Each structure stands twice: as structure tokens, then as C-alpha cells.
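All of the numbers you see were taken from the coordinates with simple rules; none came from a lab. Because the structure is predicted, anything quoted here is derived from the model rather than measured. Cβ atoms come from the backbone with ideal geometry, glycine included; neighbour counts cover every protein chain shown.
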Amino acid sequence: MPLRAVLLSLTCLAMAAQKAGDLATRAKALHHRLLTVDTHCDTPMRMEGSWKIGERHEPGQRGSGCQDLPRMKEGGLAASFFAVYLGQGPLTDEGRARAKAKADQIFDRLDRMFEAHPELCERALTAADARRIFQTGRRAIFLGVENGYPVGREVANVDGLYRRGARYITLSHNGDNDLCDSSTDTKDPVDRGLSDLGRQVVARMNALGMMVDVSHISERSFFDVLKATKAPVLASHSCARALCDHPRNLTDVQLRALKANGGVIQLCLVSDFIKALPKSSARAKAQRALAEKVQKLGGWDQIQDPKLLAALGQEWEDLDRNHPQDHATVKDAVDHIDHIVKTIGIDHVGIGTDFDGGGGLQDCHDVTQLHRITEELLRRGYGEQDIAKIWGGNALRVLEAAERAASRKP
């Protein structure tokens, strides 16, 4: 190769490296300037054992998890919805009571977090709270209930969840419940949608100013919710089915209906929802073995011993380390944002990572790396105003709409 061509090639490489460095610097700066919001993480599950939310855990180390309060500050994540997660158990009085009791235990744990770390975080109950807390330099922590199971058969239980701080309820999880059918329940192929009780729960959530979360629910349930609700809805952690054909994702028809409702879909960082990836037979075998072990104990939701839960959680992490799966990339994830923006516009998309609940990309696996998503958005030509909408503005708009729609405050 002629010397001139070599020099030209090296110059181009140097310019590309400088441009990438400039984008990374801009992205990191934006994350510390904008009120960034993640609408779904499962970090409270990690708080069941000796792991401490107020301590910094080195990214990538065994047991570190995806985030803690110091790393949230380091990564420029201003606000997050911590999930009070309940796995779906039996639809019996005993099962419902157990779910409600476990939800209270998780709320108690989060109460202790707020009491122990007032210098690091504060409970957020409204969009205005998030903006105020952001100005103090602390993390604004919202709470959401993942799975309407603890509501049981009593609409009044919605009020109890609201009083404990929940500002959304994901109506179902991976199984059908009393409120609606799930998108991933394989035991019953019939989609019955939203139940009469579910309609009452949606109405009560509207009355209180809670967001109705449509992630995880079946297609019929989704459209039933849109007919029933008086306020815009939230899909707290979902992706576009046009790009990845998974039942957890929303079709373009659903996306357009979501736009008409004024709602928002928050991009989930679970690789299986972003891109079809090859499966490891060794990993699948190890997963089945662990699932059978948990099933013999009655299922995740039935295990009450915090030490046992922590040990099983560590077994899952070890499985993930010993049999790593392929992960989607930031580029794959931003492809979903591009598709959603093209389909329904910039005002209806955000991000709900599902960190500590399966979320994590090949090149963005903890909160300190979230700026890489912003870097890719900048690379694709998104401006600061649009990025501000994606990183929290749209989600807070929906929360404010829910607040305005409330008929009364309890």
C-alpha cells in the first residue's frame, strides 16, 4: 500500500476514534445534566440477603448486581422505579394472602433503605418530587408493584399499595391472575383479557393517580385496559415485536393504540426481548436443573427464608457466569427505539432496563454503562431534547397525566 494511502487510512482511524471519544464525553455529560429515569428494575430482590444497596459494588464482580445507590450516581441515573416483585402463585385465599404479606415485607425493606440512606436517596411519590430530588443531587426512588397478585380479590388493596408508595401496578407477570391474562402463560391457551375485577382495579388506580402498567399482560388484556382506563398507560419494560417476535413485546398495532391513548413504552434491556439469539444446550440443561430445584421448594414466590432466596439467587448468577448466553448489543436495543419512534413518534418511548431482573446487554450490563445507550442515540442523530424525552421526560409526562386524572387523593 502506498505511503500516502497508509497515512490517509491512519488519519481516518484517528478521526473516527476522536469522534467516538467526543460522543462518549457528550453522552456522559448528558447523563449528569438530564433528569434520567429508569422505569423498571428488580434491585429490591437483591436486598433480601447481606447485599447492601448503600455500598458501591465493583461492576462485573460476583454478586455485584447491576446497580446500587453509589453506582446510580456514578452512572448519572437520577431516578428509578424499584419493583416490588411477586411471582405468580396459586389463585387461592392462602396464595393471595401470602403474596400480600410478601409485598409488605419488600415495602418494609425499602422503608429501611430510605431511613438508612437519606443522604443518597429519597422516596419519590410524584413527578414533581423527582424534579425536586434531582436538584439535591440524591437519587429519586419510585416504587412499582410487578404483578397484581397481592391485590387479591379486594379492590381496596390497591389503596394499601398506593399508601405504601407504589405509583404503578404491572397487572400481571408470567401467569394469569385474578385481574387479567398474561402474555406468557402457556397453561391456558385461551386469552380471556381483563376480568371484571381487573376493570375495577384499573378504575381505582385511575382514581388514585397510579399508572397502569401493561407490560407482561396479554394482547386482549392490553386492549381491554385501553378501553377501561381514563389516563395514559405505561409499558414499564417492553420492546417492539416487529423486531423480535416474543409475546412479551408489543405489536405495531398495539404501539399505535398506545400512542392514541397517550401512553409510553419503555425499552427493556432483556436480550431475549431484543433479538433472537442462539441458545446453549449446556445453559438450558443447567436452567432446567435449577428450575426443578426451585419448583420442589414450591416456586420462587413460596420461598420465605431470605438466606435461601439469596443462595438461590447466587446459584443463578453462577449459572450465568459458568454458562454465559449471547447478549444483544446497545445497537440492537437502539434499533427498537428507532422503530418505535418511526412507528408512533418520539413522545411515546423511554427506557425500563429490568436491571437485576434479567436486563443487561453485551456492552451495557450495569448502571455505570447506561451512557452507552445515549452515545448510540447521539451517533444516530438524536438531539438533546429528544434524548431528554427518552430518558425520563415521556415517563414523567405519563405519571403527571395519571396524577391529573385522579378523582381524589386518599
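Report D for segment 265-355 in µm² per second (integer): Stokes-Einstein, Kirkwood Rh on Cα pairs, 25 °C, 0.890 mPa s.
The diffusion coefficient I find is 158 µm²/s.
Bin by bin, in steps of 5 Å, what percent of the Cα pairs in segment 297-410 do you find, going until the bin that has the longest distance?
For segment 297-410, the binned pair fractions read 2, 9, 15, 17, 14, 11, 11, 13, 7, 2, 0 percent.
Per-residue ellipticity at 222 nm for the chain, helices alone: DSSP H runs ≥ 4 residues times -39500 (n - 2.57), over residue total, nearest 500 deg cm²/dmol?
Mean residue ellipticity at 222 nm (helix-derived): -15000 deg cm²/dmol.
Just need the relative contact order of the chain here, percent rounded to a whole number, with Cα pairs under 8 Å and 6+ apart.
Once divided by the residue count of the chain, the mean separation gives 21 percent.
Give a residue-ordered list of calculated ³J(HN,Hα) values for segment 34-40 (Karplus: 6.51 cos²θ - 1.76 cosθ + 1.60, θ = phi - 60°; whole Hz; x for Gly, Pro).
Per residue, the Karplus-derived 3J(HN,Hα) values read 8, 7, 8, 10, 9, 8, 7 Hz.
What FRET efficiency would be calculated for the residue pair ASP196, ARG380, taking the C-beta separation as r and a Förster radius of 35 Å, to the nearest 0.05?
Efficiency at R0 = 35 Å is approximately 0.20.
Over the chain, consider all pairs of different Cα atoms and compute the Kirkwood hydrodynamic radius from their mean reciprocal separation; express it in Å, one decimal.
21.7 Å
Compute the distribution of all C-alpha to C-alpha distances in segment 138-269, in bins of 10 Å from 0, and list the percent of pairs in each, rounded to whole numbers.
14, 47, 32, 7, 0
Run a plain Debye calculation on segment 145-220 (Cα atoms as equal point scatterers, no solvent) and give log10 I(q)/I(0) at q = 0.11, 0.17, 0.18, 0.20 Å⁻¹, rounded to two decimals, same order as the q list.
Summing over Cα pairs of segment 145-220 leads to -0.23, -0.55, -0.61, -0.75.
Out of segment 29-113, which trypsin sites (Lys or Arg not before Pro) are coil in DSSP terms and have no more than 12 other C-beta atoms within 10 Å?
Sites meeting the loop and neighbour criteria: ARG62.
May I ask what percent, to the nearest 5, of DSSP beta bridges between residues of the chain are antiparallel?
10 percent
Over all distinct alpha-carbon pairs, what is the Kirkwood Rh of segment 106-185 in angstrom?
14.0 Å
May I ask you to list the lysines whose Cα is less than 18 Å away from that of LYS230, ignoring any residue fewer than eight positions away on the same chain?
LYS259, LYS409
Please list, in chain and number order, the residues 5+ apart from PHE355 or on another chain whose amide H is under 5 Å from its amide H, with Hs placed from the backbone.
The answer is ASP42.
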